[in-house]
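Some notes on the structure that comes next.
The values are calculated or read from the model by the stated rules, or taken from the named source; none is laboratory data. Values in this document were obtained by computation on a predicted structure and should not be read as measured data. FYI the Cβ positions are ideal-geometry reconstructions off the backbone, even for glycines, and counts take in every protein chain you see. Side chains are part of the model used for accessible areas, which takes the heavy atoms of the whole protein and leaves out ligands, DNA and RNA. Shrake-Rupley method; radii C 1.70, N 1.55, O 1.52, S 1.80 Å.
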Amino acid sequence: MKPQFLIAAPSSNSGKTTITLGILRLLGNKGYKVQPFKCGPDYIDTKHHALAAHQPGINLDTFMMSSIHVKNLFTKHSKDADVTILEGVMGLFDGADKMQGSSAEIAMLLNLPVVLVVNARAMAYSVAPLIYGFKHFDPKLKIAGVIFNFVNTESHYHILKEACEDIGVDVLGYVP
């Protein structure tokens with residue numbers, strides 16, 4: 001099975017777009033054909049995705065599209081890709097009406113694991129209950145791991161990593 005995942009966050013301004021663009025460019029530079037998607041009706045991020053991945057970014061939106069249409073678009077555009085990456089919208093569970101149109105809804109619809117980007121700027125061990133809540137809020141959603149953003153020092157990262165180890169969540173890395 002080809003690698004496919006959704007990059008999401010607890011809230012906006014956590015660094016989803018920056019991290020998504022970095023991963024798209026990195027994998028593209030390594031010779032992989034990467035297909036980017038964006039949850040929601042965003043047109044700016046899809047333009048950035050296209051520049052980073054050298055592939056058109058495609059919007060998937062369960063508020064304005066039927067579930068069948070979202071699945072068909074995803075299948076059509078990801079079939080030839082080596083890696084498929086979706087960037088979430090707002091916070092993971094934020095939709096137009098509760099979860100309707102949320103990144104979580106799309107991840108569950110497409111059976112995709114979620115990489116959670118957490119803004120760790122003013123946080124240490126408190127990430128444990130935050131991430132624990134995201135991991136257990138809906139049992140149909142799979143949190144594959146966490147990337148911490150805005151990490152001050154190695155010792156700060158060590159505290160964050162220990163917090164994740166205590167709750168059984170993989171840490172995939174961090175960005176200073």
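Side notes on the structure shown:
- Surface listing: 132, 174 arranged by accessible area from highest to lowest gives 132, 174, probe 1.4 Å.
- Looking at the chain, the accessible area is 51 square angstrom per residue; that uses a 1.4 Å probe and ignores ligands, DNA and RNA.
- Cβ-defined net charge surrounding residue 78, 12 Å radius [Lys, Arg +1; Asp, Glu -1]: +3
- Theoretical ellipticity at 222 nm over the chain - DSSP helices of four or more residues, -39500 (n - 2.57) apiece, nearest 500: -11500 deg cm²/dmol
- Pairs of Lys in the stretch 74-156 closer than 25 Å at Cα, counting only those 8 or more apart or on different chains: 7
- Overall, the accessible surface of the stretch 1-158 at a probe of 1.4 angstrom is composed of carbon and sulfur to the extent of 58 percent.
- Taking 0.36 nm per residue of separation and subtracting the current Cα-Cα distance, fully stretching the chain between residue 32 and residue 51 would add 5.4 nm.
- The P(r) of the chain has a tail past 20 Å containing 50 percent of all C-alpha pairs.
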